[in-house]
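> One structure is given below, represented as structure tokens, and several questions about it will come after.
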Amino acid sequence: MIRSRLFIATVLGFCFLFGSLNANAQSAAPRYEANWASLDQRANPQWFEDAKFGIFIHWGVYSVPSWGQKDKYAEWYWHDMQDPKGATWAFHEKTYGAKFKYQDFAPMFKAELFEPAQWADIFKRSGAKYIVLTSKHHEGFCLWPNADSWNWNAVDVGPHRDLAGDLISAVHDAGLRMGFYYSIYEWYNPLYQSDVNKYVDQHMLPQLKDLVTRYKPDIVWPDGEWDHPSATWRSEEFLAWLYNDSAAPKDVVVNDRWGKECRNVHGGFATPEYGGLPAGRLVEQGLFEECQGMGHSFGYNRNEAAENYRSSTELLHLLIDNVSRGGNLLLDIGPGADGRIPDIMQQRLLDMGEWLDVNGEAIYGADAWKEAPKLEKVRFTRKGDALYAICLNWPGKELVIPNAPECTKVTMLGHNQPLPVEKKSDGLHIAAPVLSIDEMPCRHAYVFKLER
């Protein structure tokens, strides 16, 4: 009896101790106020800064017509068909008829060949570390069963399936992170057009909170913010809830698209799109993620031919360039309405994964080398005591690096034999290895590792 009482007392003591420690840990977690001064103090989670490479997915009702001019976004089909003199309306009238409404595409968006585990396998083999799916684009169609979009979501019509839920489960099972793009405005929602404040209160915020509560995403990636300031969208209120009280992971990541004044100023990372880096707080701190498609469109565009897609080499160089400046690349794919990833997109992703299998240590977790010399065909990253010179083409007999730090060993990733090095007045001269085609460790770009 005495031993039993001692055992019970001991267990209770441990429970009290662990309970106290847990309570202290929770109380020690920072709480953020619903204002940018407080929210902008939150550090970007390290996993995101280390990940470097993510995959964007634009998929929705627009994937049925899957058409746009070669220099436009196919996911803007409904918007662009409103112009009676435009190319999109001409295509629509000729192909589907003038009486065929955009909403009539929804039952045709069936996703009958969608295999989320297969998608997740391709993503993992690509070397990407995180995925961002368009849960809802500007058309308002949701890829999850949301009551605020009755009969305009993938469970009520079309696939009759929770596409967002099925994919995030498969991606997490594959060991990758995943989050959601969410358009905070909708082109033709009557409530948005009549009263934006009611729209935010009765539609947008409940919908966005439902998405977070259901799926606990690693990333919240809003868009469509440009009509109104963040105060109208109540973005600060939402972010305080997201960080403090929501079911999302404590290391959830957010972008900068929270109001027309926010880009590159407020949020976790800047989001340049097909262009140079803008000036602003986030880019200056190296917190940015460039998003681009493999062609021009984000949504699948049947009007784009093979020559409109960038090669695997070009896409890898895009990744390398962004990482060398301290940022990430979010590379887009546009699946078809049947749920298949186009073969050309799969091949590009697998080629990137093949290169990253050899050279990933120069990418993942790497930082920019701020003192890097400006060389046209070489980009630099660094990690710990190692410096990586990434040659965008074969350097010839030798690679010359001005301003190179002292090093004790130089190798080429995938070859790993020490290379002859000579310090001269114009920089460090590294003798490239003499290799046959069969001995080359990779294609597209070549990484020389300098160790102190």
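The values are calculated or read from the model by the stated rules, or taken from the named source; none is laboratory data. Just so it is clear, the structure is predicted and the values come from calculations on it, not from any experiment. When we count neighbours, we look across all protein chains shown, and the Cβ atoms used for this are built from the backbone with ideal geometry, even at glycine.
> Could you tell me how many of the residues in segment 320-366 are among the charged types (D, E, K, R) and assigned to a helix (DSSP H, G or I)? Explain how you work it out, then say what you get.
Of segment 320-366, the ones among the charged types (D, E, K, R) are 321, 325, 332, 338, 340, 343, 348, 351, 354, 357, 361.
Applying the additional criterion that residues be assigned to a helix (DSSP H, G or I) yields 321, 343, 348, 351, 354, 357, 361.
Summing the residues that are among the charged types (D, E, K, R) and assigned to a helix (DSSP H, G or I) in segment 320-366 gives 7.
> What's the number of the condition residue 60 fails, among (1) crowded, with 16+ Cβ neighbours inside 10 Å; (2) farther than 26 Å from residue 306 by Cβ; (3) touching a Phe, Trp or Tyr at 6+ places or on another chain (Cβ under 7 Å)?
(2)
> OK, next. Output yes when any residue across segment 128-136 is among the charged types (D, E, K, R) and within 22 Å of the chain's Cα centre (by Cα), and no when none is. Let's see the steps before the verdict.
From segment 128-136, those among the charged types (D, E, K, R) are 129, 136; that's our starting set.
Still in the running and within 22 Å of the chain's Cα centre (by Cα): 129, 136.
Yes, segment 128-136 has at least one match.
> Same structure, new question: Take segment 99-121 and flag every residue that is within 16 Å of residue 163 (Cβ to Cβ) and among the hydrophobic types (A, V, I, L, M, F, W, C). Reasoning before the result, please.
To start, the set of residues in segment 99-121 that are within 16 Å of residue 163 (Cβ to Cβ) comprises 105-120.
Scanning segment 99-121 gives 105, 106, 108, 109, 111, 113, 114, 117, 119, 120.
> Inspect segment 352-362 for any residue being in contact (Cβ under 8 Å) with a residue 60 or more places away in the chain, closer than 19 Å to residue 57 by Cα and either not basic (Lys, Arg) or not assigned by TED's automatic domain parsing to the domain that holds residue 65 (or both) and give the result as yes or no.
Yes: segment 352-362 contains one or more residues that are in contact (Cβ under 8 Å) with a residue 60 or more places away in the chain, closer than 19 Å to residue 57 by Cα and either not basic (Lys, Arg) or not assigned by TED's automatic domain parsing to the domain that holds residue 65 (or both).
Yes/no per residue for (1) assigned by TED's automatic domain parsing to the domain that holds residue 224; (2) touching a His at 6+ places or on another chain (Cβ under 7 Å); (3) crowded, with 22+ Cβ neighbours inside 10 Å:
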| site | (1), (2), (3) |
| --- | --- |
| 46 | yes, no, no |
| 54 | yes, no, yes |
| 70 | yes, yes, no |
| 74 | yes, no, yes |
| 96 | yes, no, no |
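> Moving on. When you check residue 411 against the structure, is it touching a residue at least 12 places away in the same chain (Cβ under 8 Å), under 18 Å from residue 324 (Cα atoms), part of a strand (DSSP E or B) and hydroxyl-bearing (Ser, Thr, Tyr), yes or no?
Considered against the rule, which asks whether it is touching a residue at least 12 places away in the same chain (Cβ under 8 Å), under 18 Å from residue 324 (Cα atoms), part of a strand (DSSP E or B) and hydroxyl-bearing (Ser, Thr, Tyr), residue 411 comes out as no.
> In segment 430-450, how many residues are surrounded by fewer than 18 Cβ atoms within 10 Å (Cβ to Cβ) and under 12 Å from residue 389 (Cβ atoms)?
Total meeting the criteria: 0.
> Can I ask one more? Counting only residues that are in a loop (DSSP other than H, G, I, E, B) and not acidic (Asp, Glu), which one in segment 112-122 is nearest to the chain's Cα centre (by Cα)? Give the steps one after another, and end with the answer.
First pass over segment 112-122, keeping only residues in a loop (DSSP other than H, G, I, E, B): 112-115.
Adding the requirement that they be not acidic (Asp, Glu) leaves 113-114.
On the way: 113: 24, 114: 21 Å.
Per the stated criteria, the residue is 114.
> Could you check segment 415-448 and list, in sequence order, the residues that are in contact with a strand residue (DSSP E or B) (Cβ under 8 Å, 6 or more places away or on another chain), in a loop (DSSP other than H, G, I, E, B) and either assigned by TED's automatic domain parsing to the domain that holds residue 313 or touching a residue at least 12 places away in the same chain (Cβ under 8 Å) (or both)?
417, 419, 426, 432, 433, 441, 445 - these are the residues of segment 415-448 that are in contact with a strand residue (DSSP E or B) (Cβ under 8 Å, 6 or more places away or on another chain), in a loop (DSSP other than H, G, I, E, B) and either assigned by TED's automatic domain parsing to the domain that holds residue 313 or touching a residue at least 12 places away in the same chain (Cβ under 8 Å) (or both).
> If you don't mind, another one. Tell me whether segment 185-204 contains one or more residues that are within 21 Å of residue 330 (Cα to Cα) and assigned by TED's automatic domain parsing to the domain that holds residue 258. Before the answer, list the steps.
Narrowing segment 185-204 to residues within 21 Å of residue 330 (Cα to Cα): none.
No, that holds for no residue.
> What residue, among those in segment 150-195 that are farther than 26 Å from residue 53 by Cα and either among the aromatic types (Phe, Trp, Tyr) or at pLDDT below 95 (or both), is surrounded by the fewest Cβ atoms within 10 Å (Cβ to Cβ)?
Selected residue: 150.
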